[in-house]
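Notes to accompany the following structure.
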Amino acid sequence: FLAKAMNGLPNLQKIKLKCWECPDISDLGLSYIWKMMKNLASLQDINLQFSFSLKITDAGLNDLNQTLMDCLIPLRKIKFDFYLCESITNAGMVHLCQFLKGYPDLKTLHVLFADCHKINDDGVEGVIDFLGNQVSLKKVGVDFGFERVTEKSLKKIAQYFKSQSSLKKITLGFDYMPKIAQDDLEEFQEEVQDLAKQRQGGLKVKWVREP
């Protein structure tokens, strides 16, 4: 129903959809949204939140990539929240990056995959490697917390922030990461804060959950 209603709004520029704790939403529901977006030629800003949607899998993100591949949607701002979507793995992160490659003029990107327990360092590093090639980004949000992620990912993220002098705002979130020592988390936090100080007000850092 929702996807059909949006199809009747061809000049829509912004979508904000919160589906928190809707465990019955599946890849099929996502496919309706992706197909609807394909017809919105003026769409610039999407904020899609599907936290605790346990039936969403890598296939839903692959469908995103396949459906919107080569579309000329002028997206400038994207937020995806897949908190506690436990079926998403590293492969889902790859599909997401393949989709995002189609939007080289993206200015703001926030991805939340906290408590997606099947994602490890390889998935996180793949996303960071992709971000390193997105020179247009001004605001980046990474909200993570995976029981399989180690200090290796923290170092990768810190290196990314240091290398991107054009960034104006960083949003960071921490959650359950038992393989990373508290001292390492605090060191990472200090490193990011020091970076903001070095930029002399040119970089803002926001913590949505501190270590």
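The values are calculated or read from the model by the stated rules, or taken from the named source; none is laboratory data. For clarity, every value in this text was computed on a predicted model and none was experimentally measured. Virtual Cβ from ideal backbone geometry, glycine too; neighbours counted across all protein chains shown. Accessible surface areas use protein heavy atoms only, side chains included; no ligands, DNA or RNA. Shrake-Rupley method; radii C 1.70, N 1.55, O 1.52, S 1.80 Å.
Enumerate the amide H contacts of W207 below 5 Å, restricted to partners 5 or more residues apart or on another chain; note that Pro and chain-start residues carry no placed amide H.
Sorted by chain and number, the residues that satisfy this are L172.
Is the shape of the range 1-132 best called rounded, prolate or oblate, per the rule: a/c under 1.5 gives rounded, else a/b larger than b/c gives prolate, else oblate, with a ≥ b ≥ c the square roots of the Cα gyration tensor eigenvalues?
Oblate, because a/c is 1.5 or more while a/b does not exceed b/c.
Describe numerically, in nm with one decimal, the distance between label points set 7 Å from Cα along Cα→Cβ at N47 and at K138.
Output for this residue pair reads 1.7 nm.
With an 8 Å cut-off on Cα pairs and a minimum separation of 6 or more residues, tell me the relative contact order of the chain in percent.
That works out to 15 percent.
Using a 1.4 Å probe on the protein heavy atoms, what percent of the accessible area of the range 41-106 belongs to carbon and sulfur?
Carbon-and-sulfur percentage of accessible area, whole number: 53.
Report the net charge of residues surrounding S165, where surrounding means a beta-carbon distance below 13 angstrom and charges are Lys +1, Arg +1, Asp -1, Glu -1.
Summing Lys/Arg as +1 and Asp/Glu as -1 gives +4.
So what's the angle, to the nearest 10 degrees on a 0 to 90 scale, between helix 182-198 and the longest Cα principal axis of the chain?
So the inclination is approximately 80 degrees.
Which entries in K55/K206; K14/K35; K14/K118; K38/K77; K155/K206 show an alpha-carbon gap greater than 27 Å?
Table pairs above 27 Å Cα-Cα are K55/K206; K14/K118.
On a 0 to 90 degree scale, rounded to 10, what angle separates helix 151-163 from the longest Cα axis of the chain?
Computed tilt is about 80 degrees.
How big is the gap, in Å, between the Cα center of the range 112-132 and the Cα center of the range 172-211?
Cα centroid to Cα centroid, the span is 17 Å.
Roughly how tilted is helix 121-131, in degrees to the nearest 10 and between 0 and 90, from the longest Cα axis of the chain?
Compared with the principal axis, the helix lies near 80 degrees.
For the range 68-211, report the accessible area per residue in Å² (1.4 Å probe, heavy atoms, rounded to an integer).
Ligands and nucleic acids excluded, the figure is 46 Å² per residue.
Just checking the chain: which Cys have no other cysteine's beta-carbon under 4.7 Å?
C71, C85, C97, C116
At a 1.4 Å probe radius, carbon and sulfur cover how many percent of the accessible area of the range 129-175?
44
Lys/Arg Cβ at +1, Asp/Glu Cβ at -1, dipole of the range 35-107 taken about the Cα centre: which of M36, S51, F80 is farthest positive-ward?
Towards the positive end, the residue furthest out is M36.
Any idea how far apart D129 and K152 come out in nm if each label point goes 7 Å out from Cα toward Cβ?
It is 1.2 nm.
Between A181 and K18, what length comes free when the chain is fully extended (0.36 nm per residue of separation minus the Cα-Cα distance, one decimal in nm)?
Computed gain between A181 and K18 is 55.4 nm.
Using bins 10 angstrom wide from zero, how does P(r) for the range 75-211 break down, in % of all Cα pairs?
So the P(r) values, bin by bin, are 12, 47, 35, 6, 0.
How much length, in nm to one decimal, is gained on full extension between K38 and D70, taken as 0.36 nm per residue of separation minus their Cα-Cα distance?
Gain in length upon complete extension: 10.5 nm.
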